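First the structure, in the form of structure tokens, and then the observations on it.
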Amino acid sequence: RSQVKPSMIRASTVSWDDIGGLKDLKKKLQQAVEWPIKHAAAFARLGISPVRGVLLHGPPGCSKTTLAKAAAHASQASFFSLSGAELYSKYVGEGDALLRRTFQRARLSAPSIIFFDEADVIAPKRTGPDGDGTTTVGESLLSTLLTEMDGLELATGIIVLAATNRPKAIDAALLRPGRFDMLLYVPPPDVQGRHEILRIKTRKMKLGEDVDLWKIAERTELFTGADLEGLCREAGMLALREDLTAPSIDKAHFEAAVRSLKPSLTKAEVD
Ligand code: ATP
């Protein structure tokens, strides 16, 4: 079998300004992730031990992954990304080896940020022995992850970020102090957030003078950041489909796009 390499994106190019809304959350992440890496000496001088792990939770498409990338970019840290599904799909032992290799490479290229997407798949709640005495892929991954995270105490400049849509499905052992001791909820965007996201996503688009992004923000309740990105693209495509020589994307295109797309969120997720 070929050796699976951890995927590393050294130069993540997403910056905090590429993320709309979430002002307080960005500040918390800056202090928890960017500061210990950038101002390691100050932390050492005052004897502050930085957070080891931050768990981002919230509905899909609301920028958890993008926040992790922005934190890496702002800290000029190497960025390693692993998804729960990717680790889980491997044979017993193979995912563990990949996990260990990732931590090892992160140590070698510190400062580093390791990001786990779909963390509930890597560390599902343990339900006790299932009777036949065998170790499941999930249990094995979880114990490897716990060992690696505990080992970080001796390493500096490595912070682990994880994302999940289902925080309740995560094993409590991961949430103990020294592991993921910071839990941050990444909420769906409110009207202000949607307005900022729309501004960001249309930065490079040629908009007609009749386009009012605030009005679009008001009319897109329950849209995630990912939905809004899709909406802007769809408005642009509508303009092109109508006329390949169109000089701009206009209000009518946005209105038609809003009508044709369904938001991903439900009322229950937002309240
Ligand atoms: P999932 O749980 O599905 O992995 P996620 O919460 O990690 O989703 P991202 O992958 O970060 O979400 O975001 C999906 C897309 O939506 C990205 O292309 C991102 O740029 C865009 N997006 C989401 N929220 C925002 C936001 N607040 N500002 C700017 N872009 C956003």
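If the chain between Val92 and Gln31 were fully stretched, how many nm would it gain, using 0.36 nm times the residue separation less the Cα-Cα distance? Between Val92 and Gln31, full extension yields 18.3 nm more.
Please figure out what share of the DSSP beta bridges in the chain is antiparallel and state it in percent, rounded to the nearest 5. If I count the DSSP bridges inside the chain, around 15 percent turn out antiparallel. Computed extension length for Glu229-Leu261: 10.4 nm, one decimal, from 0.36 nm per residue of separation with the Cα-Cα distance subtracted. Between Ile48, Ala172, Leu67, the Cα set farthest toward the positive side of the dipole of the chain (charges on each charged residue's Cβ, about the Cα centre) is that of Ile48. Computed from Cα positions, the angle between helix 64-75 and the longest principal axis of the chain comes to roughly 70 degrees.
The alpha carbons of segment 154-271 give a radius of gyration and a Dmax of 19.1, 61 Å, in that order. Computed on segment 122-271, with alpha-carbon pairs under 8 angstrom and 6+ residues apart, the relative contact order is 21 percent. Each part gets one Cα centre, and for segment 212-231 versus segment 68-114 those centres are 33 Å apart.
In this structure the chain gives 53 Å² per residue of accessible area when probed at 1.4 Å with all protein chains present. May I ask you to evaluate 6.51 cos²θ - 1.76 cosθ + 1.60, the Karplus curve with θ = phi - 60°, for each residue of segment 162-169 and list the ³J(HN,Hα) values in order in whole Hz, giving x for glycine and proline? My calculation for segment 162-169 gives 9, 10, 8, 8, 10, x, 5, 8 Hz in order.
Taking label points 7 Å from Cα along the Cα-to-Cβ direction, Met237 and Arg126 give a separation of 4.7 nm.
Remark: relative contact order (the chain) = 23 percent; criterion is Cα-Cα distance under 8 angstrom and separation of 6 or more residues.
Taking amide H as placed 1.01 Å from N in the peptide plane, Ser83 has its amide H under 5 Å from the amide H of Asp117, each at least 5 places away in sequence or on another chain.
Taken over the chain, the alpha-carbon convex hull comes to 164 cubic angstrom per residue. The long axis of helix 251-260 is offset from the longest Cα principal axis of the chain by roughly 50 degrees.
The values are calculated or read from the model by the stated rules, or taken from the named source; none is laboratory data. None of the values given here were measured: they were computed from a predicted structure. When we count neighbours, we look across all protein chains shown, and the Cβ atoms used for this are built from the backbone with ideal geometry, even at glycine. Accessible surface areas use protein heavy atoms only, side chains included; no ligands, DNA or RNA. Shrake-Rupley method; radii C 1.70, N 1.55, O 1.52, S 1.80 Å.
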